[in-house]
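The values are calculated or read from the model by the stated rules, or taken from the named source; none is laboratory data. No experiment lies behind these values; they were computed from the predicted model shown. Positions of Cβ are generated from backbone atoms using ideal geometry, with glycine treated the same way; all protein chains shown enter the neighbour counts. Areas reflect the complete protein model, heavy atoms only, side chains present, ligands, DNA and RNA absent. Shrake-Rupley method; radii C 1.70, N 1.55, O 1.52, S 1.80 Å.
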Amino acid sequence: MLLKKELSEYNRYQAFATHMAISLVIFFILLACITQLWYPGILFDTGNGWKAIMMIVGIDLILGPLLTLIVFNPKKSSLKFDLSIIALIQIAALIYGTWTIHHTRPVAIAFVYNNFITIFANSEIGEQINTKTKELQSRELFYVFEDDSQRKELNPQNFEAYDNYANQIPSLNSPYKQGNLINIDPIISMERLIKIDPSTGHIIGFEKK
């Protein structure tokens, strides 16, 4: 639908459709950022990428257009002011939502001791790990312990590219391993699993019980 010159030329549903069309453009831009930049590949599943998308849907495709549908009346003298307030609310919500999604994005999946974990940007070592993934050119990592004991605090410098150690995983004896499925973030849920190649140990994908 072509944009009209005056607000009085729209009816309630045309205004809603126009707002929705603009919101859809913004949504697809943010969708590309989420799926390609902030939650790429398997990190989309391990980092709950769908929750990020649903947040944007709620703010961008529901909140703004719905408010326009409710308040739009071409006869109202305060229509421009009302729509300006709606635009400000939606922009503020989008900025906050986008910042939250980026700030809490997963930066890596790592095998630590006997299971996989997701490392998020807002964790204590998140930014250091993000730098490490760029150095290693991989978001799949393996933690190399300096001795046989498991330490509470992880040293970002001890993370290496997972592919270099993947062949050790198929023979691993772990309570979190079921055939070629290994739990990821078992403290949070035992129903989230990483599927590995039974021969090479390389990560194949994500599964949920």
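Before moving on, here are some points about what is shown:
- In the stretch 41-54, residue nearest to TYR96 (Cα to Cα) [restricted to those that are surrounded by fewer than 18 Cβ atoms within 10 Å (Cβ to Cβ) and more than 8 Å from the chain's Cα centre (by Cα)]: MET54
- Residues of the stretch 76-86 classified as open to solvent by 60 Å² or more (accessible area, probe 1.4 Å) and assigned to a loop (DSSP other than H, G, I, E, B), total: 2
- Per-region count, the stretch 154-189, residues under 20 Å from LEU43 (Cα atoms), surrounded by fewer than 14 Cβ atoms within 10 Å (Cβ to Cβ) and at pLDDT 95 or above: 1
- Residue in the stretch 131-152 that is modelled with pLDDT of 95 or more and under 30 Å from ILE59 (Cα atoms) present: yes
To keep it simple, each residue is scored yes or no on (1) open to solvent by 30 Å² or more (accessible area, probe 1.4 Å); (2) more than 30 Å from LEU7 (Cβ to Cβ); (3) touching a His at 6+ places or on another chain (Cβ under 8 Å); (4) part of a helix (DSSP H, G or I).
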residue: LEU63; (1), (2), (3), (4): yes, no, no, yes
residue: LEU67; (1), (2), (3), (4): yes, no, no, yes
residue: PRO74; (1), (2), (3), (4): yes, no, no, no
residue: LEU88; (1), (2), (3), (4): yes, no, no, yes
residue: ALA108; (1), (2), (3), (4): no, yes, no, no
residue: PHE111; (1), (2), (3), (4): no, yes, no, no
residue: THR118; (1), (2), (3), (4): no, yes, no, no
residue: SER123; (1), (2), (3), (4): yes, yes, no, no
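- Candidate set from the stretch 7-29 (those that are surrounded by 14 or more Cβ atoms within 10 Å (Cβ to Cβ) and either aromatic (Phe, Trp, Tyr) or touching a Cys at 6+ places or on another chain (Cβ under 7 Å) (or both)); member that is modelled with the highest pLDDT: PHE27
- If the condition is being over 16 Å from ALA110 (Cβ atoms) and touching a helix residue (DSSP H, G or I) at 6+ places or on another chain (Cβ under 9 Å), then the stretch 159-198 contributes only ASP197.
- Candidates ASP45, ASP60, filtered to the one that is acidic (Asp, Glu) and at pLDDT below 95: ASP60
- Picking from residues in the stretch 190-209 that are without any contact (Cβ under 8 Å) to a residue 60 or more places away in the chain and β-branched (Val, Ile, Thr), the one that is surrounded by the fewest Cβ atoms within 10 Å (Cβ to Cβ) is THR200.
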